[in-house]
Amino acid sequence: MIDDFDAILDQRARELAVASDTAPPPPPVLVCTGRDGRWALPLAAVSRVEELPDWTPVPGWPPPILGLALVARRRVLLADLDGLAAGKAPRDAGRPGHAVLLRAVPAAVAVDRAEAVIGLGFPAALGDGMGVAAAADGTVLLDPDRLLEAMARRGAP
């Protein structure tokens, strides 16, 4: 009887040792869909998600900057995420979607849908653009700092 107990303890110790050698879970990301892509933003960079509000275009600001909008009762610069990340034409006014308010500055990105918060692993590193990595399903992890830099470059008349 004691021998069985010792064998069980030994087996459990081996299982715990293997479990402690595994990598920590990936940090959570907010997965969003656009017209032609799936994007992920680190959850630490996201302040809030809400229904996409109307916006006021600013003359002279090029796409993908949509204009100014009220998100979470704050006036923010609103950019189309598909336009920033993939060079797509900007979204039409009145098309439903979500506004993702970024934590760093008063800025938000418009997406078709903010889908879920998950711990998605990104094994394939990307070398250019705003994407830092890609998941097996094609979701591209975006660098929020690069997004903000692109908004600043394109937002100035």
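Read-outs: derived from the displayed coordinates by stated rules, not from any lab. Nothing here was measured: the structure is a model prediction, and the numbers come from that model. Note: ideal-geometry Cβ built from the backbone for every residue, glycine included; neighbour counts use all protein chains shown.
Based on alpha-carbon atoms, the Kirkwood radius and the radius of gyration of the stretch 23-121 give Rg/Rh equal to 0.98. Translational D (Stokes-Einstein, µm²/s) of the stretch 46-100 at 4 °C and 1.567 mPa s when Rh comes from the Kirkwood sum over C-alpha pairs? Translational D for this selection: 113 µm²/s.
Within the set of other residues whose C-beta is less than 15 Å from the C-beta of VAL46, count the net charge using Lys and Arg as +1 and Asp and Glu as -1. In short, 0.
Bridges between two residues of the stretch 27-145, per DSSP, are antiparallel at a rate of about 85%.
Here the dipole of the stretch 25-121 is about 240 debye; that uses its Cα centre as origin and unit charges on the Cβ of Lys and Arg (positive) and Asp and Glu (negative). Placing +1 on each Lys and Arg Cβ and -1 on each Asp and Glu Cβ, with no other charges, gives the stretch 52-104 a dipole about its Cα centre of roughly 240 debye. For ALA116 and LEU68, the FRET efficiency from 1/(1 + (r/R0)^6), where r spans their Cβ atoms and R0 equals 25 Å, is about 0.30. Where both bridge residues fall in the stretch 75-127, DSSP classifies roughly 55% of the beta bridges as antiparallel.
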